[in-house]
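For reference, the structure is listed below as structure tokens.
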Amino acid sequence: MYIVASGFLKITDHNCATLRTHSEGDIVEDRSLVWLPHNRFMNRRKHNVVSVGYSQVYILFRDDFLQVLEDYPDCRDKIRVHAEWLQSEAGELTEDEIVADVDEFEGRTLEERLIALRSVLCVLENNVNENYEKFKKSSNHFKHRLAVLERYCREMMN
């Protein structure tokens, strides 16, 4: 994320066409600080930030941002929700829902990650068990139908 202290920055696409220009006091690419698992662009930059002449810019690196948020879990959750809304409004999120409710693991403590992973594993285990039961039921059904068909074919041949 960039904060323009003085000068101008322009946002360009891959063809170097200027999409917009930012001036003093503007915050640029703030959505890139929070990575979401269902981001259409796989959380990669899709634009270039170029200085127009001399500019003084403050840079907030993602790792520093996440390190600060480790101490403020409530604020981290609010920021994640707001970032999801911003990325959704910008059309950067896919329409597909995540199979398990996996929140962003990055920026969380190891204990929080393990607790979240445990809940994800429980969801996955339940899904596997349900699908296995459905498979057994449909497999038995098709075995029965095949046996009936074989019996019918044997009777037709005799």
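None of the figures in this text is laboratory data; all of them are computed from the coordinates on show. Just so we're clear, the structure is a prediction, and the values are computed from it rather than from any experiment. Cβ: placed from backbone, ideal geometry, glycine included. Neighbour counts: every protein chain shown.
Viscosity 0.890 mPa s, temperature 25 °C: Stokes-Einstein D of segment 109-158 from its Kirkwood Cα radius, in µm² per second?
174 µm²/s
Using the Karplus curve 6.51 cos²θ - 1.76 cosθ + 1.60 with θ = phi - 60°, work out ³J(HN,Hα) for each residue of segment 58-68 in order, rounded to whole Hz, and write x for Gly and Pro.
After applying 6.51 cos²θ - 1.76 cosθ + 1.60, I find 9, 10, 10, 7, 4, 4, 5, 4, 5, 5, 5 Hz.
Which stretch or stretches of segment 115-137 have amide N atoms under 17 Å from the point lying 7 Å from Leu146's Cα along the Cα→Cβ direction?
135-137
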